[in-house]
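Q: Following this message is one structure expressed as structure tokens.
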Amino acid sequence: MSGSGWQRWRRENAALIRLALPICGAQLAQSGMSVTDVIMAGRASATDLAAISVGSSLWLPLMLFATGTLMGLTPIVAQLLGGERVAQIRPYVHQALWLALALGVVAALLLAFAVMPVFRLMAVPEHVASLSASYLAMVAFGMPGVAAFQALRAFADGMNHTRPALWISLLGLGVNVPCNYLLIYGGPGLETLFGASLPLGLSGLPALGAVGCGIATALAMWVMCLALAAYTHRSAVFASLHLWKRLARPQRAKLGELLHVGAPIGVAIFVEVTLFTLIALFIASLGEIAVAAHQVALNYTSILFMLPLSLGMALTVRVGHTLGSGQRRGAAFVAWNGIAACLLVALLNDMILWLTAGPVVALYSPNEEVQSLAVSLIWLAMIYQFSDALQVNLAGALRGYKDTRIIMAITLVSYWAVGLGGGYLLGSVGVAGWQPQGVYGYWLGLIGGLSVAALLLGWRLWHISRRGADSAMARVSG
């Protein structure tokens with residue numbers, strides 16, 4: 001590599017890491033809210049824990065669909081910024097906020113009024129379903145707030161400012177934890193927990209259990225929304241945009257463009273979430289050891305997945321910004337450089353899994369059968385670290401090109417047909433004379449689905465980046 005090539009590589013990777021690390025921190029902080037809810041609810045009662053676990057399986061997919069749809073704003077803003085068309089950014093942000101309001105209200109109405117038929121279909125026990133419905137009714141109040149937060153975050157990320165989402169996600173976690181303590185356990189529970197009497201105003205606070213957790217979650221959502229709105233209003237970084245001077249009315253053309261780019265992202269994320277949800281339901285029939293080991297292995301590897309996921313989100317910004325400045329060949333370099341970086345991250349994750357699998361799994365469960373099975377599943381997870389990192393970063397690069405519908409199509413085929421269908425055949429049915437492999441079969445299905453996704457997305461990125469490079473060469477030769 002020449003001196004200039006080395007300098008270019010180093011500059012690009014430094015810019016990518018500066019964007020990715022705050023995104024990773026924000027993702028971990030938001031995941032920490034869910035972990036906190038589960039831990040604190042489990043200390044309250046098994047029923048509260050079950051109600052929150054079942055309820056989360058409904059509101060999290062809705063929130064992630066809205067998040068993915070609003071992520072369509074990021075490449076639009078990044079391309080406008082790269083092309084120095086900053087004045088055009090403000091109307092798109094306003095349309096994204098209108099879209100967020102619509103998505104948030106629809107999600108809230110579904111959570112408040114449409115969950116009981118789903119619980120009956122899932123055969124959830126009546127007392128758990130009733131408590132979970134009350135929990136979701138509280139979470140529903142926060143859905144418009146979290147949708148608006150995600151719209152503003154997509155805007156800030158597209159402007160190359162990913163740190164605000166980190167600090168505000170940490171603020172949300174800081175609100176969620178004490179509110180959970182106050183509302184889940186109430187005054188008597190806190191006195192027992194701390195071994196001391198509380199001020200009179202707190203000692204009479206009722207213990208609300210799962211319902212209190214829902215209230216705390218909604219409060220944290222609105223705090224994050226209002227904090228990011230205040231930041232974008234007062235920060236000098238965004239002052240030239242006059243973002244909050246006057247809110248534009250809904251505009252069909254811009255809303256259509258946001259949906260054209262963002263809706264396929266939302267569907268792709270929803271498909272991915274439902275893949276893991278359905279696999280968990282299938283594995284539930286294999287017994288409690290298989291279920292526990294699956295959850296332990298998946299939870300641990302999901303934490304490590306935050307780094308390649310964040311790298312993919314940062315890659316969307318870098319590709320979009322470079323493309324907006326008219327550098328088609330430069331965008332191809334940025335995209336493939338990011339893919340090389342994600343392979344190094346996957347190698348790092350494999351090393352971490354290899355060195356820490358046993359001790360970390362032991363922290364999750366004292367059961368030796370669960371530990372043994374979970375560790376063997378983590379060895380399988382080491383195989384798909386590369387395909388998983390590749391598919392999420394290839395998708396991130398394609399989002400930078402605003403090429404999102406192909407991601408949706410590839411995700412549907414790879415995750416549901418290959419991942420879920422193949423996992424079911426290998427895990428529960430058996431193939432070509434092989435006996436069903438149980439939980440291993442489902443994890444082999446995951447490996448197959450993620451690998452097919454990586455291959456197809458890689459072909460698509462090669463095609464679209466080559467097309468851009470060829471057009472740039474044609475202009476030079478012309």
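The values are calculated or read from the model by the stated rules, or taken from the named source; none is laboratory data. For clarity, every value in this text was computed on a predicted model and none was experimentally measured. With ideal geometry, Cβ positions are generated from the backbone for all residues, glycine too; neighbour counts draw on all protein chains shown. SASA here: full protein model, heavy atoms, side chains in, ligands and nucleic acids out. Shrake-Rupley method; radii C 1.70, N 1.55, O 1.52, S 1.80 Å.
Q: Which one of PHE119, PHE149 is in contact with an Asp or Glu (Cβ under 9 Å, 6 or more places away or on another chain) and either of a type in the set (Phe, Trp, Tyr) or surrounded by fewer than 24 Cβ atoms within 10 Å (Cβ to Cβ) (or both)?
A: Values: PHE149 fails: in contact with an Asp or Glu (Cβ under 9 Å, 6 or more places away or on another chain).
Exactly one residue qualifies, and that residue is PHE119.
Q: Looking at the structure I just gave you, is ALA154 open to solvent by less than 10 Å² (accessible area, probe 1.4 Å), of a type outside the set (Val, Ile, Thr) and under 16 Å from PHE238 (Cβ atoms)? Quick ask: steps written out before the conclusion?
A: Details: open to solvent by less than 10 Å² (accessible area, probe 1.4 Å): yes; of a type outside the set (Val, Ile, Thr): yes; under 16 Å from PHE238 (Cβ atoms): yes.
Here the answer is yes, as ALA154 does meet what is asked.
Okay, residues lined up against (1) over 21 Å from HIS463 (Cβ atoms); (2) among the aliphatic types (A, V, I, L, M); (3) modelled with pLDDT under 90:
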| site | (1), (2), (3) |
| --- | --- |
| PRO359 | yes, no, no |
| SER365 | yes, no, yes |
| SER376 | yes, no, no |
| TYR384 | yes, no, yes |
| ASN393 | no, no, no |
| ASP403 | no, no, no |
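Q: Given the options MET313, MET221, name the one that is within 18 Å of the chain's Cα centre (by Cα), open to solvent by less than 40 Å² (accessible area, probe 1.4 Å), under 25 Å from LEU81 (Cα atoms) and touching a residue at least 12 places away in the same chain (Cβ under 8 Å). Spell out the reasoning first.
A: Details: MET221 fails: under 25 Å from LEU81 (Cα atoms).
Unique residue meeting the criteria: MET313.
Q: Can you tell me which condition VAL77 does not meet? The list is (1) of a type in the set (A, V, I, L, M, F, W, C); (2) outside any helix (DSSP H, G or I); (3) under 30 Å from ASP403 (Cβ atoms), and all the others hold.
A: Only one criterion is unmet by VAL77, namely (2).
Q: Taking interchain pairs and intrachain pairs at least six residues apart, which have beta carbon atoms under 6 angstrom, with the first residue in the range 143-170 and more than 29 Å from SER325 (Cβ to Cβ) and the second among the hydroxyl-bearing types (Ser, Thr, Tyr) and surrounded by 24 or more Cβ atoms within 10 Å (Cβ to Cβ)?
A: Listed pairs, sorted by first residue: none to list.
Q: So, one more: Looking at this structure, is ILE17 open to solvent by 70 Å² or more (accessible area, probe 1.4 Å) and hydrophobic (A, V, I, L, M, F, W, C)? Spell out the reasoning first.
A: Working: open to solvent by 70 Å² or more (accessible area, probe 1.4 Å): yes; hydrophobic (A, V, I, L, M, F, W, C): yes.
Spelling it out, ILE17 is indeed open to solvent by 70 Å² or more (accessible area, probe 1.4 Å) and hydrophobic (A, V, I, L, M, F, W, C).
Q: Still on this structure, I have one more. Scanning the range 233-291 for residues that are of a type in the set (S, T, N, Q), open to solvent by 40 Å² or more (accessible area, probe 1.4 Å) and in a helix (DSSP H, G or I), which turns out farthest from LEU425 (Cα to Cα)?
A: The first filter runs over the range 233-291 and keeps only residues of a type in the set (S, T, N, Q), leaving 235, 240, 251, 274, 277, 285.
From what is left, the residues that are open to solvent by 40 Å² or more (accessible area, probe 1.4 Å) are 240, 251, 277, 285.
If we keep only those that are in a helix (DSSP H, G or I) as well, we get 240, 277, 285.
Numbers: SER240: 57, THR277: 17, SER285: 15 Å.
Filtering the range 233-291 for residues that are of a type in the set (S, T, N, Q), open to solvent by 40 Å² or more (accessible area, probe 1.4 Å) and in a helix (DSSP H, G or I), the one farthest from LEU425 (Cα to Cα) comes out as SER240.
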